[in-house]
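Undergrad: Structure provided below as structure tokens; questions to follow.
Every read-out reported here was derived from the displayed coordinates using simple, explicitly stated rules and does not represent laboratory data. Note that the structure is predicted; figures quoted are calculated from it, not measured. Note that we place each Cβ from the backbone using ideal geometry, even for glycine, and neighbour counts take in every protein chain shown.
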């Protein structure tokens, strides 16, 4: 069932381009987020040329292998890929149904992305965003009690986006008329 939907949707190159663009954007956000100060310095520095800045920005993609644990690198890649596919499927669904939106699938997709973003982190600092958010409410030490040190949120994000992708594909496969 899902294979047929994916073949149908991705037989149109527009949806392939959309999925790849969203995947790369989400991945870039996840990888560049822990390097915010470095990126800000590079962009605002008059001594760094545009070509050098672009080279450094693309070089930061390699930090997925060094700054992230194997688990966090895996779910970061999975979240980016699933979110790109999910957005392409949602766009296809909306275009086929003339503006109708599968609220359940969309909600799980957004929930999965948010959960995944909270789980983004590197091997040295752990879950980057979650630690900062929990510190605001004085609950930063809660992460130490979790078995994977907060990486559970990234895994939950993969599960939610995976379910949203399945749900949206299922909706695309349903007939337009009532059963």
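Undergrad: How much length is gained on full extension from residue 28 to residue 94, taking 0.36 nm per residue of separation minus their Cα-Cα distance?
TA: 21.1 nm
Undergrad: Can you sort 152, 52 so the residue with the fewest Cβ neighbours within 10 Å comes first?
TA: 52, 152
Undergrad: At what distance in nm do the modelled label points of residue 69 and residue 37 sit from each other, each positioned 7 Å from its Cα along Cα→Cβ?
TA: 2.4
Undergrad: Test of understanding: ordering 54, 22 by Cβ neighbours within 10 Å, fewest first, what list do you get? Can you show the working numbers first?
TA: On the way: 54 11, 22 19.
With the sparsest Cβ surroundings first, the list reads 54, 22.
Undergrad: Could you tell me which of rounded, prolate or oblate describes the stretch 1-75, using a ≥ b ≥ c as the square roots of the eigenvalues of the alpha-carbon gyration tensor, with rounded for a/c under 1.5 and, failing that, prolate when a/b is larger than b/c and oblate otherwise? Could the numbers behind the result be given before it?
TA: On the way: a/c = 3.86, a/b = 1.87, b/c = 2.06.
Here the stretch 1-75 falls in the oblate category.
Undergrad: Sticking with this structure for a sec: Please check which bits of the stretch 64-85 a label hung off residue 58 would reach, taking the label as a point 7 Å along Cα-to-C-beta and the cut-off as backbone N under 18 Å.
TA: 64-65
Undergrad: I've got another one for you. Give me the distance in nm between label points sitting 7 Å out from Cα along the Cα-to-Cβ direction at residue 48 and residue 173, one decimal.
TA: 4.7
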